[in-house]
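Colleague: Below are the structure tokens for one structure; questions will follow.
The values are calculated or read from the model by the stated rules, or taken from the named source; none is laboratory data. Here the structure is a predicted model, which is why all the values come from computation and not from measurement. Counting neighbours? That spans all protein chains shown, and the Cβs are built from the backbone with ideal geometry, glycine included.
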Amino acid sequence: MISSQRYLLFFLLMSLLLACTNTTGQYDLTYPVVRMDFSDELVLEGSVEATNSTFIKCPDVYNSKIIYLVEDGAWVEAGDTVCILENQQLVNQLETVKRLCELYQAEYNKGVADLELDYALLQAQVKNNETQMAISSLDSLQLKYYTENQRKIAEIRLEMARIESRKLKKKLSALETIQRSELRKMELQITQSQTLLESTQASLDELILKAPKAGMAIRGDSDISDGKIQEGEEVYPQTPLVIIPDSGQVRIKIQATEAAYKRLALGQKVEYTFDAMPGNFAYGSIVMKSPRGYTMSRNSRVKFFDVLASVDSGLQTPTAGLSANCRVFLNYLPDTVAVPIVSVFQEDSINVVYIKKGSGFIRQEVSVALQSSKEAVIACGLRGGEDIAMLQPLRSKVKDEVFLDYEQRNRFKTVKNDSLPADFLEVPQHIVPRRDSPEQMEEEPTFQFQDHIIIVR
């Protein structure tokens, strides 16, 4: 059962069709053919960006998470914090290295104390031996009063003291060498751990990003979502987090679909308007087409291409970060025959229109030179002044057929832009960029078309 809404829609459509129907039941919805200026344009969205910008990027540290990010479009001064990153791995590493430094320092202090104690004990032994040697030497002065056995015993004691003294001195020298070697090893461990600590701390300090200069801060594009980077996102090394455009020259970055991208060419003129700057117009041309496309999300099959366009003139230079409405002029032909594309039918591999004649129609073959999404330029088959059908008439209403010969089908030619007459490239008033100041009026804009233009003869 048809719902009331669907029935109402059906009733309105039938009423519209019946209003266009004559007494015989045939539709007579026609279009009066007139000569006009043909303009093929594309309307695309873009964004203003500075030609030169300062990019504040994520440091070369993986697994970093944004915990603070300056607001998009906020004004910052040099030295202001624009982003703070958190990296748990670096935090854990810092704590580990701190404990390691404390451990090495404690071992060093203990080693120094132990070696100093051993050295002090050995020095005491050396002094004690020297005392014994002094006593033995004193006894040797009294040898003349000793018996033979007593003299031998005194000499043996003196010699043993001397031997012991030499042994103690060697041991003391070896201990000094060992002490210096052990201390150097410990000092090296401490130095290495302190270097690692400083490096880790420096990496953590790099996670606090500051503005190198004053300007408007613009958040970078997110690798996760379709929009700007947000707080809480995990970012990769060298990812632009904040962009500070240079004040001065700007350009327009256009995101074109694959279908639009194929119709764009270097040098094509573009007119810009800006929602945030009502009444402001700017003009430029396409200067670069990226050869690589991309999708907005993993599951999307729609591919986009980046196209850069210059901003050569305008009432006021737009600010970086603003959105731009871009009108790209693809082709232009003055004083030609252009008809709605829906009025041109392809039948039997040829293009035809139906010219109204009395109560019937003439099936007229036509040559289509150029076409846009709405209009088709007729190179041959129509002159202007005819009424053509917008809906394909019934066969019974077709009274006659007219076909083009070979010469008529080729009654137009393509020429290079540089061979066109100078006045041909003059842009009509309705698409001439507005120039309201004397400075802007000094240079008349010249529109660059595609490599070839079709002239209707």
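Colleague: Being at pLDDT below 75, in a loop (DSSP other than H, G, I, E, B) and aromatic (Phe, Trp, Tyr), is that true of even one residue in region 440-451?
Modeller: yes
Conditions (1) on the phi > 0 side of the Ramachandran plot; (2) modelled with pLDDT of 90 or more; (3) among the charged types (D, E, K, R); (4) within 17 Å of the chain's Cα centre (by Cα), marked per residue:
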residue: Asp226; (1), (2), (3), (4): no, no, yes, yes
residue: Tyr236; (1), (2), (3), (4): no, no, no, yes
residue: Ser247; (1), (2), (3), (4): no, no, no, no
residue: Tyr261; (1), (2), (3), (4): no, yes, no, no
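Colleague: Ser372 fails exactly one of the following numbered conditions: (1) out of contact with any helix residue (DSSP H, G or I) (no Cβ under 6 Å at 6 or more places or on another chain); (2) over 20 Å from Leu42 (Cβ atoms); (3) assigned by TED's automatic domain parsing to the domain that holds Asp387. What is the number of that condition?
Modeller: All conditions are met except number (2).
Colleague: Quick check, is Asn331 crowded, with 18+ Cβ neighbours inside 10 Å and more than 24 Å from Ser53 (Cβ to Cβ)?
Modeller: For Asn331, the condition - crowded, with 18+ Cβ neighbours inside 10 Å and more than 24 Å from Ser53 (Cβ to Cβ) - is met.
Colleague: Filter region 263-295 down to the residues that are in contact with an Asp or Glu (Cβ under 7 Å, 6 or more places away or on another chain) and within 12 Å of Pro318 (Cα to Cα), then identify the one that is modelled with the highest pLDDT.
Modeller: Once the filter is applied, the top-ranked residue is Tyr283.
Colleague: Could you say which residue among Leu197, Leu204, Leu209, Leu175 is surrounded by 15 or more Cβ atoms within 10 Å (Cβ to Cβ) and either at pLDDT below 70 or among the small types (Gly, Ala, Ser) (or both)?
Modeller: On inspection, the qualifying residue turns out to be Leu175.
Colleague: Sort out which residues of region 360-399 are at pLDDT 90 or above, among the polar types (S, T, N, Q) and surrounded by fewer than 19 Cβ atoms within 10 Å (Cβ to Cβ), and write them in order of number.
Modeller: Answer for region 360-399, where residues must be at pLDDT 90 or above, among the polar types (S, T, N, Q) and surrounded by fewer than 19 Cβ atoms within 10 Å (Cβ to Cβ): Gln392, Ser396.
Colleague: Could you check region 53-75 and list, in sequence order, the residues that are hydrophobic (A, V, I, L, M, F, W, C), in contact with an Asp or Glu (Cβ under 7 Å, 6 or more places away or on another chain) and either crowded, with 19+ Cβ neighbours inside 10 Å or at pLDDT below 90 (or both)?
Modeller: Across region 53-75, the qualifying residues are Ile66, Leu69.
Colleague: Restricting attention to region 360-382, and to residues there that are without any contact (Cβ under 8 Å) to a residue 60 or more places away in the chain and in a loop (DSSP other than H, G, I, E, B), which single residue is nearest to the chain's Cα centre (by Cα)?
Modeller: Ser373
Colleague: Being outside the structural domain of Asp28 (by TED's automatic domain parsing), surrounded by fewer than 21 Cβ atoms within 10 Å (Cβ to Cβ), among the basic types (Lys, Arg) and in contact with a strand residue (DSSP E or B) (Cβ under 8 Å, 6 or more places away or on another chain) narrows it down to one of Lys356, Lys303, so name that one.
Modeller: Exactly one residue qualifies, and that residue is Lys303.
Colleague: In region 28-69, which strands (runs of 3 or more DSSP E) lie fully inside it and hold 2 or more residues that are more than 18 Å from Tyr236 (Cβ to Cβ)?
Modeller: Where strands (runs of 3 or more DSSP E) fall fully within region 28-69 and carry at least 2 residues being more than 18 Å from Tyr236 (Cβ to Cβ), they are 30-32, 35-50, 53-57.
Colleague: For region 335-359, which residues satisfy the criterion of being part of a strand (DSSP E or B) and among the β-branched types (Val, Ile, Thr)?
Modeller: Once the filter is applied, which keeps residues that are part of a strand (DSSP E or B) and among the β-branched types (Val, Ile, Thr), region 335-359 yields Thr336, Val337, Val339, Ile350, Val352, Val353, Ile355.
Colleague: Tally the residues that are without any contact (Cβ under 8 Å) to a residue 60 or more places away in the chain and among the β-branched types (Val, Ile, Thr), restricting the search to region 90-108.
Modeller: So the answer is 1.
Colleague: Moving to a separate point now. Those residues that are of a type in the set (A, V, I, L, M), outside any loop (DSSP other than H, G, I, E, B) and surrounded by 14 or more Cβ atoms within 10 Å (Cβ to Cβ), I need them from region 248-286; list them, please.
Modeller: Val250, Ile252, Ile254, Ala256, Ala260, Val270, Met277, Ala282, Ile286
Colleague: Confirm whether Ala309 is of a type in the set (A, V, I, L, M, F, W, C), touching a Ser or Thr at 6+ places or on another chain (Cβ under 7 Å) and modelled with pLDDT of 90 or more.
Modeller: Yes, satisfied.
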